[in-house]
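**Q** What follows is a structure written as C-alpha cells; I'll ask about it next.
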Amino acid sequence: MKTMIVTGGAGFIGSNFIIYMLNKYNEYKIINLDKLTYAGNLENLRSVQDNENYLFVQGDICDSELVDSLFQKHDISYVINFAAESHVDRSITDPEIFVKTNVLGTSNLLNIAKKYWEKNGEFKEGVKYLQVSTDEVYGSLGETGYFMETTPLDPHSPYSASKTGGDLIVKAYADTYKMPVNITRCSNNYGPYQFTEKLIPLIINNALNKKHLPVYGDGKNIRDWLYVEDHCSAIDVVLHKGNPGEVYNVGGHNERENIYIVKTIIGYLGENVDSSINDTLIKYVEDRKGHDRRYGIDPEKIKRELGWYPATSFEIGIKKTIKWYLDNKNWMENVTSGDYQNYYSSMYEKI
C-alpha cells in the first residue's frame, strides 16, 4: 500500500479528490494535511472519515517540523499539493499570507520531499510531487485563443502571482534536481463543497436568502468552467501517467460569461424552488482590481498524451451542482456560520 499526502484536503477540490481516490482505489493510504483556515471544512469528508485508509492531520504546509515528522512516520510516495490561499479578492487586501502559503509553503514541501526521496543524487522509484495550480498564472486572454502549456506566465493579482511563484519553484526542482514532479493548471472548478464566497455557491446562497447577487463590472468576464469530479479524474491520470517534469492544462471548453452563470442559476431556482427569485436580485458592483477579462484552457495535451477527457458538460454539471446545494442547505449554513470548526474539533490529530 502506497501513502500519499494530500495538502489542503479539507478544501473544495482537495476534499473532492480524497473522496474520489478512496472510492476508486483500495491500495492507497491518504494523509490529509490541512490547516483548517476559513475555507477548510472537515464536514466535506464525513463520508470517508471512518475509512481505515484515511488520516486527517491538522497543520500548516509552512511548518517544517510537522511536515518532516509525517515523512519520518509514514513512507510517503506522493505529495499532491492543493493547499493554497485562493480567493483573489482576499489577496488584494492581504497579499502577504498568499506569498507565505503559496510560495514558501510549496518550497517547504519540496525541500522535505527531496530530503526523503533523494539519495546520492537519484530519486526513489515510484515517487512524485504534483502541484495543483490554476490557469490564472497565464493572465488574461483576448476574444480569441486559448491558454497552452507554452503560454508565457503573466499573473495580474497577488493570488495568481503567488501561484506562479510556487509553480516556478516546482519547475526549478525538476530542472535542477531532476525531481519527479508534475504541474496541473485547471480552469474554474465548480461542484459540491465549494466555499460560499465563490461565484456559483455565493449566487445560490444569496438567491435562496433573497439577497443581492453581486456581479463585477458589466458581468461579461469569461471563465472556462470544469466540474470538480472531472478535475479529480485528471489529477489521478497525471499522478499515474504524467511524464515527469511536464505541465498539463486541465479544462473542458466550457466558456461562459459570469452574467450567464448568474442568470442560469436564477432561472433554475425560479423554476424549481421559488418563482420570486428573478433578475431583479442582480446588482452590478464596481469591477475587481486587475480583473482578467477572459480565461480559456486548451486541454489538448492531456487528451493527446494521457487520454483524459472531461465527462461532464456544463449544462449537466450546473444542474447537479445547484441540486447538491439545495439538498445540503445545512452544510451551507454551517460553513457560513463557522460552527463546523468547533463541531469537528475532536477529529483533529495534532503532531
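**Q** Looking at (1) modelled with pLDDT of 95 or more; (2) more than 15 Å from TYR248 (Cβ to Cβ), which is the only condition GLU136 fails?
**A** (1)
**Q** So, in the stretch 18-73, exactly how many residues are under 30 Å from LEU202 (Cβ atoms), of a type in the set (Phe, Trp, Tyr) and without any contact (Cβ under 8 Å) to a residue 24 or more places away in the chain?
**A** The qualifying residues number 0.
**Q** Filter the stretch 102-126 for residues that are of a type outside the set (A, V, I, L, M, F, W, C) and surrounded by 14 or more Cβ atoms within 10 Å (Cβ to Cβ) and give the result. Explain how you work it out, then say what you get.
**A** Going through the stretch 102-126, the residues of a type outside the set (A, V, I, L, M, F, W, C) turn out to be 102, 105-108, 111, 114-116, 118-122, 124-126.
Residues satisfying the conditions are ASN102, GLY105, THR106, SER107, ASN108, ASN111, LYS114, TYR116, GLU118.
**Q** Test THR134 against the stated conditions and say whether it is touching a Lys or Arg at 6+ places or on another chain (Cβ under 8 Å) and within 21 Å of ILE97 (Cβ to Cβ). Spell out the reasoning first.
**A** Values: touching a Lys or Arg at 6+ places or on another chain (Cβ under 8 Å): yes; within 21 Å of ILE97 (Cβ to Cβ): yes.
In short, yes.
**Q** Right, next: Run PRO155 past the list (1) free of Cβ contacts under 8 Å to residues at least 24 places away in the same chain; (2) surrounded by fewer than 18 Cβ atoms within 10 Å (Cβ to Cβ) and report the number of the one that doesn't hold.
**A** It is condition (2) that PRO155 fails.
**Q** Still on this structure, please answer the following. Which of the residues belonging to the stretch 19-32 are part of a strand (DSSP E or B) and out of contact with any helix residue (DSSP H, G or I) (no Cβ under 7 Å at 6 or more places or on another chain)? It would help to see each step written out before you state the result.
**A** Taking the stretch 19-32 and keeping what is part of a strand (DSSP E or B), we get 28-32.
Once the filter is applied, which keeps residues that are part of a strand (DSSP E or B) and out of contact with any helix residue (DSSP H, G or I) (no Cβ under 7 Å at 6 or more places or on another chain), the stretch 19-32 yields only LYS29.
**Q** Shifting gears a bit: Is at least one residue of the stretch 44-52 more than 30 Å from ASP175 (Cα to Cα), touching a Ser or Thr at 6+ places or on another chain (Cβ under 9 Å), surrounded by 23 or more Cβ atoms within 10 Å (Cβ to Cβ) and not polar (S, T, N, Q)?
**A** So far as the stretch 44-52 goes, yes, one or more of its residues are more than 30 Å from ASP175 (Cα to Cα), touching a Ser or Thr at 6+ places or on another chain (Cβ under 9 Å), surrounded by 23 or more Cβ atoms within 10 Å (Cβ to Cβ) and not polar (S, T, N, Q).
**Q** Sticking with this structure for a sec: If we keep just the residues of the stretch 176-214 that are among the charged types (D, E, K, R) and touching a Ser or Thr at 6+ places or on another chain (Cβ under 8 Å), which is surrounded by the fewest Cβ atoms within 10 Å (Cβ to Cβ)? It would help to see each step written out before you state the result.
**A** To start, the set of residues in the stretch 176-214 that are among the charged types (D, E, K, R) comprises 178, 185, 197-198, 210-211.
Narrowing further to those that are touching a Ser or Thr at 6+ places or on another chain (Cβ under 8 Å): 185, 210.
On the way: ARG185: 25, LYS210: 10.
Ranking the candidates gives LYS210 first.
**Q** Then there is this: Does the stretch 134-143 contain at least one residue that is outside any helix (DSSP H, G or I), farther than 20 Å from LYS241 by Cα, more than 20 Å from the chain's Cα centre (by Cα) and of a type outside the set (Asp, Glu)?
**A** yes
**Q** Still on this structure, I have one more. Based on what the data block shows, is LYS220 charged (D, E, K, R) and touching an Asp or Glu at 6+ places or on another chain (Cβ under 7 Å)? Spell out how you get there, then give the answer.
**A** On the way: charged (D, E, K, R): yes; touching an Asp or Glu at 6+ places or on another chain (Cβ under 7 Å): yes.
Yes.
**Q** Could you check how many residues of the stretch 84-101 are out of contact with any helix residue (DSSP H, G or I) (no Cβ under 6 Å at 6 or more places or on another chain) and surrounded by 22 or more Cβ atoms within 10 Å (Cβ to Cβ)? Reasoning before the result, please.
**A** Restricting attention to the stretch 84-101, the residues satisfying the condition of being out of contact with any helix residue (DSSP H, G or I) (no Cβ under 6 Å at 6 or more places or on another chain) are 86-87, 89-90, 92-94, 96-97, 100-101.
Applying the additional criterion that residues be surrounded by 22 or more Cβ atoms within 10 Å (Cβ to Cβ) yields 86, 101.
Of the residues in the stretch 84-101, 2 are out of contact with any helix residue (DSSP H, G or I) (no Cβ under 6 Å at 6 or more places or on another chain) and surrounded by 22 or more Cβ atoms within 10 Å (Cβ to Cβ).
**Q** Need the failing condition index for ASP34 against (1) over 23 Å from LEU66 (Cα atoms); (2) crowded, with 23+ Cβ neighbours inside 10 Å; (3) among the charged types (D, E, K, R), just the number.
**A** (1)
**Q** Name every residue in the stretch 197-224 that is assigned to a helix (DSSP H, G or I) and in contact with a Leu (Cβ under 9 Å, 6 or more places away or on another chain), in order of residue number.
**A** Taking the stretch 197-224 and keeping what is assigned to a helix (DSSP H, G or I), we get 199-208.
Correct list: LEU202, ILE203, ILE204, ASN206, ALA207, LEU208.
**Q** Is the stretch 66-79 home to any residue that is out of contact with any Cys (no Cβ under 9 Å at 6 or more places or on another chain), in a helix (DSSP H, G or I) and closer than 23 Å to VAL238 by Cα?
**A** Taking the stretch 66-79 as the starting set, the residues that turn out to be out of contact with any Cys (no Cβ under 9 Å at 6 or more places or on another chain) are 66-79.
After this cut, where a residue has to be in a helix (DSSP H, G or I) as well, the list is 66-73.
Among the residues that remain, those that are also closer than 23 Å to VAL238 by Cα are: 71.
Within the stretch 66-79, one or more residues are out of contact with any Cys (no Cβ under 9 Å at 6 or more places or on another chain), in a helix (DSSP H, G or I) and closer than 23 Å to VAL238 by Cα.
**Q** Next up: Do the conditions hold for ILE266, that is, is it of a type outside the set (D, E, K, R), modelled with pLDDT of 95 or more, loosely packed, with under 14 Cβ neighbours inside 10 Å and part of a helix (DSSP H, G or I)? If you could, list the steps in order and put the result at the bottom.
**A** Numbers: of a type outside the set (D, E, K, R): yes; modelled with pLDDT of 95 or more: yes; loosely packed, with under 14 Cβ neighbours inside 10 Å: no; part of a helix (DSSP H, G or I): yes.
In short, no.
**Q** I'd like the full set of residues that are buried (at least 19 other Cβ atoms within 10 Å of the Cβ), modelled with pLDDT of 95 or more and of a type in the set (Asp, Glu), limited to the stretch 215-262.
**A** Those that are buried (at least 19 other Cβ atoms within 10 Å of the Cβ), modelled with pLDDT of 95 or more and of a type in the set (Asp, Glu): GLU229, ASP230.
The values are calculated or read from the model by the stated rules, or taken from the named source; none is laboratory data. The model shown is predicted, which means the values in this text are computed figures rather than measured ones. Cβ atoms come from the backbone with ideal geometry, glycine included; neighbour counts cover every protein chain shown.
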